[in-house]
Structures are given as C-alpha cells and as structure tokens.
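First comes the structure, then the notes that go with it.
The values are calculated or read from the model by the stated rules, or taken from the named source; none is laboratory data. Being a predicted model, the structure only gives us computed values, none of them experimental. Using ideal geometry, Cβ is built from the backbone for each residue, glycine included, and neighbour counts are taken over all protein chains shown. Side chains are part of the model used for accessible areas, which takes the heavy atoms of the whole protein and leaves out ligands, DNA and RNA. Shrake-Rupley method; radii C 1.70, N 1.55, O 1.52, S 1.80 Å.
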Amino acid sequence: MTTTPLLPNIVAGKAQMGQGPGTPLFDPVLGTELVRVSREGLDLASAFAFAREQGGAALRALSYRERAGLLGAIGQVLQAKRDDYYAIATANSGTVTRDSAVDIDGGIFTIGQYAKWGDKLGDARALLDGERIRLGKDPAFQSQHVLTPTRGLALFINAFNFPSWGLWEKAAPALLSGVPVVVKPGTPTAWLTQRMVQDVVEAGVLPAGALSVICGSSAGLLDALQPFDVLSFTGSAGTAAQIRGHAAIAERSVRCNIEADSLNSALLDPNAAAGDEAFNLFVNEVVREMTVKSGQKCTAIRRAFVPRALYDAAAQAIGAKLAKISVGNPRHEAVRMGALVSRAQFDGVQEGLAQLLAEATPLYDGRAQALVDADPAVAACAMPVLLGTSDPVKARVLHDVEVFGPVSTLMPYDSDAQAFELIRRGQGSLVASVYSADPAFVARAALELADSHGRVHAISPDVASLHTGHGNVMPHSLHGGPGRAGGGEELGGLRALGFYHRRSAVQASTAALDALAASATALTY
Ligand code: NAP
C-alpha cells in the first residue's frame, strides 16, 4: 500500500490533484520513497486556456517595471523558504549543500538579476528594436521594428538536473516579457519545482494563471500547444529529436528552443608547463566540473585537452585531487560529492562508461573506493573516473557519447590546429574553456571556438580569483550552443526577452511612430 503523499499540480491558479496512485519519487541515497506525482485526468486544454487568457492578459496589462516588481516579490517568497528547498534537494536530488546552492541560490540570483534589468525598462508596454528606417526619399513614411509579448503561453519541459534554476532561468525572462509560464519538470526531481511554484502561487504575488506546474507524464502536452505559444525544452538529444518532429512545431510553428546534451571541452595552452598557474587552474577546473553535482551538469567538462608533453603530469595532478573527494550520503559532514538523481541514472553512467572504455583507459578510477555512510547496493552514488587516450584523433565514441556523471576524458594534442579540430568534433557544444597566461592565445582560441560554442570561458592567472567558473551559467551571458547542443539560446541579459516577444515592422508616418514610441522603450543590451 502506498503511503507517501501525492503532490498537487498547480494549474488555472489553484492546486489540482491528479488521479491514480501516481509515480513515486525517491531518495537516491537511501532508496526510500518520498512523494508521488500524477497529472492523470487533468484537463490540459482548459489549463492552457486559463494560462493564456487570464494569466497572459493580466501580465500584459502591466509595464516591464511592474513585472520586474513581480520578479522581486517571487525572489522574496523563495528566499524566505530556502531551508525547505535545501531539505527537498538533499532528500530528492541527493546533493551536498554546495551543489544544492548552485540550483537553488542560482535560481534566486537569476530572478534578482532580471528584476533589476526589467526595472530599467520602465513603464513601457513594448520594445523598440533598432532605429527607424526611411522607406523612400521622403522621411515622413518610415519603418520601425517593434517587439511585443506573444499572446500565448511558455511551456517549459525541463531536465531533472536543475529543478530550481532550470525553472527560474526561463521563467524570469518569460514573466518579465508578460508571458505566462507552464513548467513540466523532469519527473525524478519534480518535487522542488512543484514546491517552489506552489509557494509562489499561494503567496499570491502573481496574477492567477501566470505560473503553473504539471508533474508527471509529458503525454499530450505538445498537442495542447497553439501557434502563439512558445516551447522551451531542456533534456537529451533523443527526446529533442522527438519534439522537433511533433506537429506543434512542424505544422503549427510553435517557436521552440532546445537545450540538449553537449561534449564540452577544456583546453590547456600549448606553452603551459606542469605546475604553472595555467596548468593548476586547468587541473582545478577539470576536477571541479567532474564533481559538482556529481557531473550532472549539461555544461560539465567531458573532454580535457592538453599538449602531449603534459599528458602524464595532468593525469597525475587531476587523479591526486579526485582521490581526495569523499563520496556518499550528503547528510554526512565528511562527504564532498553526493549521489546521482536515481538508480536508473547510475546504471546509465555505468553503461556510458563501458562505451567510453572501448576507446580509453582509466587514468584515475575511484570505483574501488568505499562510499561514506551509504549502501553501494542502494545508493545512486557514482565514483569519479578520469579516462584517457593517447590517440584522440582516432577516437569516435569519446567525441560523441555524453556520460552524465563524474566522468571526463583527458586527451593529448600535437598542435593548436589539431586541438581546435578535436574540440569541434563535439559537433557544437555549450561551452569550451581555455587556460592560458597568454592573451594572444586566448583571443585566437576564442575566435576559433566561438562559432561552435555558445560560450568560451577563458581563465588566465590575472582572473584566477575573479572568474565565474567553466560550468556556471551566469544570466548576463548567453547559454545554449549550436548543433548537437540543440541550437538554442537562453539568458544573455535582456537578449532573453526576444524569445518571448514577436517582432513586427510598423510602417507608418513619423507622427504615428512618435505616438507609438510614447508607450515603448528601446531594447539595448
Ligand atoms: P530527457 O530524458 O530527455 O527528459 C527531459 C524532459 O523531457 C523531462 O521532463 C521528460 O519527462 C520529458 N520528456 C521525455 N520524453 C518526452 C517526450 N516524448 N515528449 C516531451 N517530453 C518528454 O532528459 P533528462 O534525462 O531529464 O536530462 C538529462 C539530459 O539533459 C542530459 O543529456 C543533459 O546534457 C541535458 N541537459 C541539457 C541542458 C542544457 O541547457 N543544454 C541542461 C540540463 C540538462 P520525464 O522526466 O517525465 O521523462
């Protein structure tokens, strides 16, 4: 008999229970059932209609500054309940406090940023995109591009690894734009998303229908989308391919942003020396990216490139640091790295590792280490493994298979051109980081890698204590990547508003454009 509580969905401005026993969510360390989710029996068509008609209309009636105020109020609600969110993250995501912070405080920080940026847009109801353009000899008839909020809803289908940040990094620009949000979190960790939405809705800081959460099956969600809705998907390349083929996108032209998986790289300067500052910064960042959230970050370093002469030294330095990472129950104070989100993910990591091992050998293998305060037969705790190959040019799988856990592959390169070429074999990634004391090399690497990466993060000794981290997504900078990474774009300051607005060219007299400009503001980045 099931005894754990069923979480309500929050739609049409109120809590609505799904039918049936629901899907259980587990503690990935203890293996215990925590809560259940179900959306069986929900009327999606009316839930979406309520969001569009009630939530959307109420949001669009406000100015950017007023909606920025709503974001500030959301931030306050979440801040007041942070302790609850940390407890849910420990139980349901199996993360140590430092890793929970990336998700929870990262989400709250992002909302705060958009509240500040939105306030500067003032009392406008629309955005001006660029200058007026003369259409003929007489300047009295001109064209002005305007951006107005789409009259649909924003559906977010999110991955399991960031139940908080994954919601708020999208909801902040959507709500600021005046577009209501419906989020469908990844099921294994849906609890934190559900609780945050429930808290915000119950606090009454948003108009009814502005924010909804639907937990459980994704079936039918895309069928309910209409032409002015927008869809943002974060998850695996396989699911992304199914979504792209759905009639909502293929036939109804629902605007769609895809953030998929990515074989991100780190590159050490060809003139670095073992133990110098660039080398140490590289080693630290590879270790950090392998272990933060147990490597369950879309931006994590999966491939690390070093000049061939430094291959052994880098392997030893990274291995020595990984050996100090204690893995196990995040409630134990000695533990530095918690669990993967589920036993299914644990199995997936072992399968992926086996694929990579066909082309690589372990340079550091933590799998022989004991877990701290956790049962290896139950806990979804994966040990870090650094792999290596001396022949990255011949490798195929290593440039193609993303293992979503604490696994990375070290690869030697023989020339700069070869390193850039190998990095590009990821077929488009979210981020590449460069470690160098030479500004000229950083500049060259950045321009070589920019077209295949959403972000190039360059770390030199002069910014050693200032940089924001290879894997940390700052709302100021673009997040997304071409090709395999999904081809999407998110964040990047006020650039993010573009996805939730429609651009139209208004061709009119100077007098009419002056009247229009009175209720609009120029969008500058
Ligand atoms: P996933 O299995 O593709 O699931 C992602 C979301 O899609 C979940 O909410 C899932 O619901 C839903 N879903 C599954 N099948 C669907 C379908 N046919 N139609 C519509 N929705 C469907 O991915 P995941 O395992 O949760 O996440 C891990 C992956 O996400 C990794 O590959 C990682 O690289 C990627 N990721 C990318 C980014 C980025 O910004 N690029 C960020 C985070 C994660 P259920 O959970 O109910 O199945």
Exercise. Taking the Cα centre of the chain as the origin, how large is its charge dipole in debye, to the nearest 20, when only Lys and Arg (+1) and Asp and Glu (-1) carry charge on their Cβ atoms?
Worked result: 1100 debye
Exercise. Using alpha-carbon pairs under 8 Å, 6+ residues apart, how would you state the relative contact order of the chain in percent?
Worked result: 18 percent
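Are there any trypsin sites (Lys or Arg not before Pro) in region 365-439 that are in a DSSP loop and have at most 12 other Cβ atoms within 10 Å? List them by number. Please report the intermediate quantities before stating the final value.
On the way: sites: R367, K394, R396, R424, R425; in loops: K394, R396, R425.
For trypsin sites (Lys or Arg not before Pro) across region 365-439 that sit outside H, G, I, E and B with at most 12 neighbouring Cβ atoms in 10 Å, the list reads K394, R396.
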Problem set entry | 3J(HN,Hα) from dihedral phi, region 67-75, Karplus parametrisation 6.51/-1.76/1.60, rounded to Hz, x for glycine, proline | 5, 4, x, 4, 4, x, 5, 4, x
Problem set entry | Cα gyration tensor category, rounded, prolate or oblate, for the chain with a/c compared to 1.5 | oblate
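Multiply the residue separation of K14 and Q316 by 0.36 nm, subtract the distance between their alpha-carbon atoms, and state the gained length in nm to one decimal.
That works out to 103.2 nm of additional length.
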For this session: Taking the dipole about the Cα centre of the chain, with the C-beta of Lys and Arg at +1 and of Asp and Glu at -1, give me whichever of S100, A395, I74 is farthest to the positive side.
Result: I74
Exercise. Between L340, A248, M411, whose Cα lies farthest towards the positive end of the dipole of the chain when Lys and Arg beta carbons carry +1 and Asp and Glu beta carbons carry -1, centred on the Cα centre?
Worked result: A248
Seminar exercise, completed: Yeah, region 264-474 with a ≥ b ≥ c from its alpha-carbon gyration tensor (a/c under 1.5 is rounded, else prolate when a/b outruns b/c, oblate otherwise) is prolate
For this session: Determine how large the accessible area of F141 is when every protein chain is in place; take a 1.4 Å probe and give Å² rounded to the nearest 10.
Result: 100 Å²
For this session: Find which of L222, F162, L386 sits farthest along the positive direction of the dipole of the chain, computed with +1 on the beta-carbon of Lys and Arg, -1 on that of Asp and Glu, about the Cα centre.
Result: L222
Seminar exercise, completed: Inter-part gap, Cα centre of region 1-62 to Cα centre of region 225-298, in whole angstrom, is 27 Å
Exercise. Going down the table (K184/K297; K184/K293; K81/K324; K170/K394; K81/K184; K324/K394), which pairs top 29 Å between alpha carbons?
Worked result: K81/K324; K170/K394; K324/K394
Seminar exercise, completed: With +1 on the Cβ of every Lys and Arg and -1 on the Cβ of every Asp and Glu, the dipole magnitude of region 446-497 about its Cα centre, in debye rounded to the nearest 20, is 120 debye
Exercise. Residue-wise, which Karplus ³J(HN,Hα) couplings in Hz belong to region 268-278, taking 6.51 cos²θ - 1.76 cosθ + 1.60, θ = phi - 60°, and x for glycine or proline?
Worked result: 8, 3, x, 9, 5, 10, 4, x, 7, 4, 5
Exercise. Got a number for carbon plus sulfur as a percent of the chain's accessible area, 1.4 Å probe?
Worked result: 53 percent
Problem set entry | Total charge dipole magnitude, region 264-474, about the Cα centre, Cβ charges on Lys, Arg, Asp, Glu only, Debye to nearest 20 | 460 debye
Problem set entry | Per residue, in Å², the accessible surface of the chain once ligands and nucleic acids are set aside, probe 1.4 Å | 38 Å²
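Quick check on region 1-153: take the gyration tensor over C-alpha atoms, sort the square-rooted eigenvalues as a ≥ b ≥ c, and tell me if it's rounded (a/c under 1.5), prolate or oblate. Walk me through the numbers on the way to the answer.
Numbers: a/c = 3.19, a/b = 1.91, b/c = 1.67.
Here region 1-153 falls in the prolate category.
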Seminar exercise, completed: Taking every other residue with Cβ under 15 Å from the Cβ of A273 and scoring Lys and Arg +1, Asp and Glu -1, one gets -4
